[in-house]
1. Applying the selection to the stretch 20-48, what residues are basic (K, R), under 19 Å from V63 (Cβ atoms) and either exposed (fewer than 14 other Cβ atoms within 10 Å of the Cβ) or over 16 Å from the mean Cα position of the chain (by Cα) (or both)?
2. Quick one: in the stretch 49-63, which of the residues that are surrounded by 12 or more Cβ atoms within 10 Å (Cβ to Cβ) and not aliphatic (A, V, I, L, M) is nearest to the chain's Cα centre (by Cα)?
Amino acid sequence: QAELVESGGGLVHAGGSLRLSCAASRIAFSLSTMGWYRQAPGKQRDLVAQINTGGTLTYADSVKGRFTISRDNAKNTVYLQMSSLKPEDTAVYYCHADCILPKRQYWGQGTQVTVSS
């Protein structure tokens, strides 16, 4: 069964940094678009950053210049480097895989990121 396991969340002061990791198993990782989403209490889950199989990057406007998504196909892992964190970045961050073989999407269990002011 496919699995996405996030790690690296935690509590950080405003202006600090965190790096999230998402290890994928039993999916065709190199053929998958990988992304990070986040959901704050009472709000919808929104795309934060995405990297496709060709390395094309997409970022939410709110994180451009502060967050960097990357992937290591040899390790089946996607990363989200977060810098200059703000209290409004506080949310549960979810890893997402959009696979083409088979055509299916997967979600991780989420990791909490809390930024204190």
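Just so you know, all these numbers are worked out from the coordinates, no wet-lab data involved. This is a predicted model, so every value here is computed, not measured. Heads up, the Cβs are rebuilt from the backbone with ideal geometry, glycines too, and the neighbour counts pull from every protein chain shown.
1. Our first condition is that a residue be basic (K, R); within the stretch 20-48, this holds for 26, 38, 43, 45.
Now restrict to residues that are under 19 Å from V63 (Cβ atoms): 38, 43, 45.
Scanning the stretch 20-48 gives a single hit, K43.
2. In this case the residue turns out to be Q50.
The rows are residues; the columns are (1) touching a Phe, Trp or Tyr at 6+ places or on another chain (Cβ under 8 Å); (2) within 16 Å of A49 (Cα to Cα); (3) not hydroxyl-bearing (S, T, Y).
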site	(1), (2), (3)
K75	no, no, yes
V78	yes, yes, yes
M82	yes, yes, yes
T90	no, yes, no
Y94	yes, yes, no
I100	no, no, yes
K103	no, no, yes
W107	yes, yes, yes
V113	yes, yes, yes
